[in-house]
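The next block holds one structure in the form of C-alpha cells; read it before the comments.
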Amino acid sequence: MKELAVLSGKGGTGKTTVMAALSRLAQGAVLADCDVDAPNLHLLISGDTVEEHGFTASRVATLDASRCTRCGLCAEACRFDAIRLDGPSIDRLSCEGCDLCARLCPVEAIAMRDRTSGRWAMTRTADGMMFHARLEPGEGNSGKLVTLLKRRAREHALETSAALLLVDGPPGTGCPAIAALSGADAALLIAEPSQSGKADIERILALCRRMNVPPMMAINRWDLHPGMAEELEELAREEKVPMLGRIPFDEGVHRCAASGRVVDAGPAGRAIGELWTSLQGFLRD
Amino acid sequence: MRIAVASGKGGTGKTLVSVNLSAAAGLDLADLDVEEPNAFLYFGDGSSTIVPVSRPVPSIDEGSCDLCGECARVCAFNALVRLPQRIRVHEELCHGCGACARLCPHQAIEEVDHEMGVLISTASGERRLVYGRLNIGEANAVPLIKAVKASLAPGRTVLMDCPPGTSCNMVEAVRGSDYAIMVAEPTPFGAHDLALALDVLERLEVPHGVAINKAGMGGVDIAAMCAARGTTVLGAIPFSRDIAQRHAQGRSLMDRPEDRRTFLGLWGAVMKEMRP
C-alpha cells in the first residue's frame, strides 16, 4: 500500500479538488480528509457513514467556584492565561490541559475533565472508504485528530488490501501538516502560480525534506500567471522535484463544486487525468 | 484598535484584503499567519529588523536528578520520558506549561529557550508591518502568534492578517480583536468554511462582518447566507483575472483607481460598523 499526501503550504490552491479527482481515477483507494478544521472533501464525495465517533484527546480544567478561595496560585502558574480570578473562571479555549493548576490548587477546586473536541467518521463512498473528521469550532488538537484519522485509514487500507491511501492535507506547516505528512510515501504538492504560492511551496518543500517524504509537484490554474508558473517549474528543477503536471484554470471546476461533483472532464479534468498517469511510476515502485 | 482579517478556508484572499486595505487606508499591518507569512511580499524591500522568538523547554540537571520520574508523570504532553539512565526531553512535544520544572521534587529542571521562529518588523513609508515566521518543523505556532501580537504598538490601528482554519492558530489570532473582517469566496467550500469560522467568532464574541472576494465566481450566494445568519456584508471585490494576476505578481492593487475605491469603500463599511 502506498500513501500519498496532497499538500500545498498555501490554502486554496486546489488540494481537495485534485485529491477528489484522483480518488475517482484510482478506483478503490482509501481516502482521508486531514484538513480537520475546515474539511471539504465530503462536499465532493459523499456516501453512507458506517461509523462515527467523538474525539477526545486531551483534558480541560474546570473550576468549582464555591470551593475556590481566590488565592491566585493557579492563575500565576498558568502559562496560557486561561484562568480569570474575577468570576473565577477558566477559559476552555485557552486551556491546554496541562493539569498544573489542578495539581497546585490547595483546596482541590480544580478538576480535569475529558475534552471532546470533535468527531470523526468512516463513510463508504463510490470512490472508496473515506475517513473524515471535524473539530468543534475553536478547538485544538488538530494534529492528534489527523494522526488518529490516518491510523484508522491505514488500518482499513491494510485490511482491505487497498493499493493507495490518499491524504488531503491542511494548509500550513504546523502540527496538522506535520501529522498529515508523517509516514507518507510521497507528497504531491499543489502549487499556485503566485509569489505567495511560491513562498509557501518553498516552506512545505523544506518540511518534506526534513521529514524525509519525497515531494512531487503539480501547478494548478497555471495559466492565470504563466510567468509565475515558469518560476515554479524552475524551482522544481533546482530542487530536483518531479513536476507531474499543469492544470489550467477552468470555470467547469466551479460548476462541479457547486453541484457537488468531482472534476472528471473538461480541460482541468483532462489535465488531472494526465497527472494520474504521471503518478503511475510512483505507485508501481 | 485591532482588526482581524480571517476566513476559515485558505486562499480566499485574506492577504489580498489585508495588504490593499492597509495601503488604501494607511494602516499598519501584522501578519499572524506565521506558518505561511506572505504580506511581506507586498511591502517592498525596506530595511527590516529580525528578532528570534523562543519558547521555554525543560533542561535536566543530571547532577541533581535522581530519576524519580515525577516530571514524566506530570507532563500531559508526553514530552518527558524516563529512561533507565536519564530523562529524555522531546522538545517538539513540549507545550511550555512549566509543570515539570515547578513540580520536580529536586529542583533539577531549569527551563531554557528553544528558538521557534523570528519576529520581523519592516515599514513601507508610514505604514509598519510586523510578522512572524515559524521555523520549519515547529508544530505549535501559538506562542509565536502571541509574540507578534505582544509586539504591536498600542494606540495604533492595525490590521491583522490571520491564519486559515478554525483551530488554535486562528483562535489565538482573532481573540481579543475589536473587529474581524471575514473574507469569503462564493464557492461551496468557501461557504462551508465561512460558517465554521463565523461560529468561532461568535464563540469568542468578536464583532464581525463579511467581505466577499472573487464575487461573481463559484455560484454560491454568500450575501443570502449572511442575511440568514444576521451577519453584515461589508462589501465585495469582483472576480477578475486582472486583479488575480496583479496580486499573484506581488503587486499592490492601488494603481487602479477603481480598485482603490473598492478598498476605501470596504474600509468605510468597517468604520461604520465599529462606530458605537
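Quick look at the numbers
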| read-out | value |
| --- | --- |
| Evaluation of A:Arg134 against (1) surrounded by 24 or more Cβ atoms within 10 Å (Cβ to Cβ); (2) not assigned by TED's automatic domain parsing to the domain that holds A:Ala77 (one fails), failing number | (1) |
| Only one of B:Val220, B:Val200 that is outside any helix (DSSP H, G or I) and within 11 Å of another protein chain (Cβ to nearest Cβ) | B:Val220 |
| All positions within the range A:56-104 that are in a loop (DSSP other than H, G, I, E, B), over 27 Å from the mean Cα position of the chain (by Cα), in contact (Cβ under 8 Å) with a residue 24 or more places away in the chain and closer than 18 Å to B:Leu103 by Cα | A:Asp99 |
| Where A:Lys150 falls short, out of the listed (1) at pLDDT below 95; (2) touching an Asp or Glu at 6+ places or on another chain (Cβ under 9 Å) | (1) |
| Candidates A:Ser161, A:Ser194, filtered to the one that is under 23 Å from A:Met129 (Cα atoms) and among the small types (Gly, Ala, Ser) | A:Ser161 |
| Conditions (1) buried (at least 24 other Cβ atoms within 10 Å of the Cβ); (2) out of contact with any Ser or Thr (no Cβ under 7 Å at 6 or more places or on another chain); number of the one not met by A:Ala77 | (1) |
| Selection within the range A:252-285 - at pLDDT below 95 and assigned to a helix (DSSP H, G or I) | A:Gly252, A:Val253, A:His254, A:Arg255, A:Cys256, A:Ala257, A:Ala258, A:Gln280, A:Gly281, A:Phe282, A:Leu283, A:Arg284 |
| The range A:151-192, subset of a type in the set (D, E, K, R) and surrounded by fewer than 24 Cβ atoms within 10 Å (Cβ to Cβ), residue nearest to the other protein chains (Cβ to nearest Cβ) | A:Arg151 |
| Any chance A:Ala206 is in the same structural domain as A:Leu145 (by TED's automatic domain parsing), out of contact with any Ser or Thr (no Cβ under 7 Å at 6 or more places or on another chain), of a type in the set (A, V, I, L, M, F, W, C) and surrounded by fewer than 20 Cβ atoms within 10 Å (Cβ to Cβ) | yes |
| Near pairs, Cβ below 6 angstrom, 6+ apart or cross-chain, from the range A:246-258 (assigned by TED's automatic domain parsing to the domain that holds A:Leu188) to any residue that is surrounded by 20 or more Cβ atoms within 10 Å (Cβ to Cβ) and part of a strand (DSSP E or B) | A:Arg246/A:Ile219; A:Ile247/A:Asn220 |
| Only listed residue being closer than 16 Å to B:Ala24 by Cβ, free of Cβ contacts under 8 Å to residues at least 40 places away in the same chain and buried (at least 16 other Cβ atoms within 10 Å of the Cβ), chosen from B:Ala236, B:Ala211 | B:Ala236 |
| Failed item, numbered, when A:Ala257 is tested on (1) of a type in the set (Gly, Ala, Ser); (2) facing another protein chain (nearest Cβ under 8 Å); (3) surrounded by fewer than 23 Cβ atoms within 10 Å (Cβ to Cβ) | (3) |
| Matching residues in the range A:93-131 - criterion: being within 26 Å of B:Glu111 (Cβ to Cβ) and either modelled with pLDDT under 95 or touching a strand residue (DSSP E or B) at 6+ places or on another chain (Cβ under 8 Å) (or both) | A:Leu93, A:Ser94, A:Cys95, A:Glu96, A:Gly97, A:Asp99, A:Cys101, A:Ala102, A:Ile110, A:Met112, A:Arg115 |
| Boolean, B:Gly176 is over 21 Å from A:Ala177 (Cα atoms) and assigned to a loop (DSSP other than H, G, I, E, B) | yes |
| Output for the range A:56-74, where each listed residue is within 13 Å of another protein chain (Cβ to nearest Cβ) and surrounded by 18 or more Cβ atoms within 10 Å (Cβ to Cβ) | A:Ala57, A:Ser58, A:Arg59, A:Val60, A:Ala61, A:Cys74 |
| Residue in the range A:109-124 that is in a loop (DSSP other than H, G, I, E, B) and buried (at least 20 other Cβ atoms within 10 Å of the Cβ) present | yes |
| In the range B:67-106, the residues that are part of a strand (DSSP E or B) and surrounded by 14 or more Cβ atoms within 10 Å (Cβ to Cβ) | B:Leu80, B:Val81, B:Arg82, B:Ile87, B:Val89 |
| Candidate set from the range B:228-276 (those that are in contact with a Leu (Cβ under 7 Å, 6 or more places away or on another chain) and not in a helix (DSSP H, G or I)); member that is farthest from A:Met228 (Cα to Cα) | B:Thr231 |
| Subset of the range B:92-126 (residues that are closer than 25 Å to B:Glu36 by Cβ, at pLDDT below 95 and more than 14 Å from chain A (Cβ to nearest Cβ)) | B:Ala123, B:Ser124 |
| In the range A:4-53, residue nearest to A:Ala163 (Cα to Cα) [restricted to those that are within 14 Å of another protein chain (Cβ to nearest Cβ) and small (Gly, Ala, Ser)] | A:Ala20 |
| Answer residue from the range A:241-251, given it is outside any loop (DSSP other than H, G, I, E, B) and away from every other protein chain (no Cβ under 12 Å) and is surrounded by the fewest Cβ atoms within 10 Å (Cβ to Cβ) among those | A:Met243 |
| Hits in the range B:228-266 - residues which are among the polar types (S, T, N, Q), under 15 Å from B:Ala25 (Cα atoms) and away from chain A (no Cβ under 14 Å) | B:Thr262 |
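The rows are residues; the columns are (1) farther than 21 Å from A:Ser182 by Cα; (2) outside the structural domain of A:Cys175 (by TED's automatic domain parsing); (3) assigned to a loop (DSSP other than H, G, I, E, B); (4) in contact (Cβ under 8 Å) with a residue 40 or more places away in the chain.
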| position | (1), (2), (3), (4) |
| --- | --- |
| A:Val6 | no, no, no, yes |
| A:Lys10 | no, no, yes, yes |
| A:Thr17 | yes, no, no, yes |
| A:Leu22 | no, no, no, yes |
| A:Leu25 | yes, no, no, yes |
| A:Asp37 | no, no, yes, yes |
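The values are calculated or read from the model by the stated rules, or taken from the named source; none is laboratory data. This structure is a prediction, so every number in the text was calculated from the model and none was measured. Backbone-built Cβ (ideal geometry, glycine too); neighbour counts: all protein chains shown.
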